[in-house]
Amino acid sequence: MVGAGLSGAVIGRQLAEAGHDVSVIDARPHIAGNCHTERDEATGVMVHVYGPHIFHTDDTGVWDYVNRFAHFMPFRNRVKTTSQGKVFSLPINLHTINQFYGRTMRPCEARSFLEGEADTSISDPQSFEEQALRFVGRDLYEAFFEGYTVKQWGISPKELPASILKRLPVRFNYDDNYFFHRYQGMPKDGYTAMVEQILDHPKITVTLGERFERREAAGHDHVFYSGPLDEYFGCELGRLGYRTLDFERFEYEGDYQGCAVMNYGERDVPYTRITEHKHFSPWEEHETSVCYREFSRACEPGDIPYYPIRQIREKALLADYVDRARSERGVTFVGRLGTYRYLDMDVTIREALDTAAVFAQQGPATPAFVTAPL
């Protein structure tokens, strides 16, 4: 298993329970990948080191799986956004609409009102901007989405697909729960403790702080690779594009913002959001807060890749790497980096479980991709 994140840990555990000897290797000095959490020594706050991760799913099998290895506490992500000197709720809901326009509309009135604000000349939205203008109109688009999107992706919303915004619905009620999923929660002792339990099996060995070299594959029946797809091939065809994140950490005596996530949609604020980590563990009490200001930028060599861009150029390059990968034998590419797709944690775990099941049937003949990247 190349990578001790969710993909490597889950596949490794499944195969270890089936009787295989499993070696897990990771270049970082810790397990759990980007969902790594650690207890801050000075404040006692459980910190999401690489940015916040909130577990949410409708997959009962995945929910049951993670609850084997961690005690999940109830958690609802209620995101706020600061715009025009005021604080609003996201996703856009009835409270957001009434507050923004200074009205007291009922659901049916708000629905009709927004239809009047929307650009109904757009019948088939193709870009992020067209999707927003069609469904919420220019005022809400400019207040909450335009600036944030430019900062997050580094390009105009005109150049992004409409599908990105489809993940952010408009609600004509006062529900401010960010996610729709039936199961939502946070592991009481953090994600790293959960991954540690997944990896805790006598047939699993873990090596940290060591990079995988392709020549090492010869000593194993099969390799499951969750690192960057292009890096497996030495970036011979070019680098796939990612956005990375920089975090500006600061402490605050007391409660800094009263919520876990505060977005900043205006372009003149350089960061996209501030996360206050003690609010990700509301069952705990801490006098001091640990906060992150989050800045998005283009990923350079040596940076941690977060968000695959998947624009036209990247998709063409991805197709070339997929062809190269399918010519390999004895290696399967998994996870967010291995398949160059944005994946929530529950989808990552589901695909890892499915991959292990395929290997149980096909062994080393398991294909390069159990889930197609394109």
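Some values worked out for this structure:
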read-out	value
Test for ARG310: is it surrounded by 14 or more Cβ atoms within 10 Å (Cβ to Cβ), among the charged types (D, E, K, R) and under 17 Å from the mean Cα position of the chain (by Cα)	yes
Filter result for ARG324 (under 23 Å from ALA217 (Cβ atoms) and modelled with pLDDT of 95 or more)	yes
Yes/no for PHE295 being modelled with pLDDT of 95 or more, in contact with a Phe, Trp or Tyr (Cβ under 7 Å, 6 or more places away or on another chain) and not assigned by TED's automatic domain parsing to the domain that holds VAL358	yes
Matching residues, the stretch 24-45, being surrounded by fewer than 20 Cβ atoms within 10 Å (Cβ to Cβ), over 24 Å from THR207 (Cβ atoms) and among the hydrophobic types (A, V, I, L, M, F, W, C)	ALA42
The stretch 215-231: number of residues that are out of contact with any helix residue (DSSP H, G or I) (no Cβ under 7 Å at 6 or more places or on another chain) and under 19 Å from TYR321 (Cβ atoms)	2
Selection within the stretch 247-265 - modelled with pLDDT of 95 or more and buried (at least 18 other Cβ atoms within 10 Å of the Cβ)	TYR256, ALA260, VAL261, MET262, ASN263, TYR264
Selection status of GLY61, closer than 21 Å to VAL290 by Cβ and in the same structural domain as THR205 (by TED's automatic domain parsing)	no
Pairs where the first residue, in the stretch 92-111, is under 17 Å from THR81 (Cβ atoms) and the second is small (Gly, Ala, Ser), C-beta under 6 Å, 6+ apart	LEU94/ALA110; HIS95/SER89; THR96/SER89; ILE97/ALA110
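The values are calculated or read from the model by the stated rules, or taken from the named source; none is laboratory data. Treat the numbers as computed from the prediction; the structure is a model and nothing was measured. When we count neighbours, we look across all protein chains shown, and the Cβ atoms used for this are built from the backbone with ideal geometry, even at glycine.
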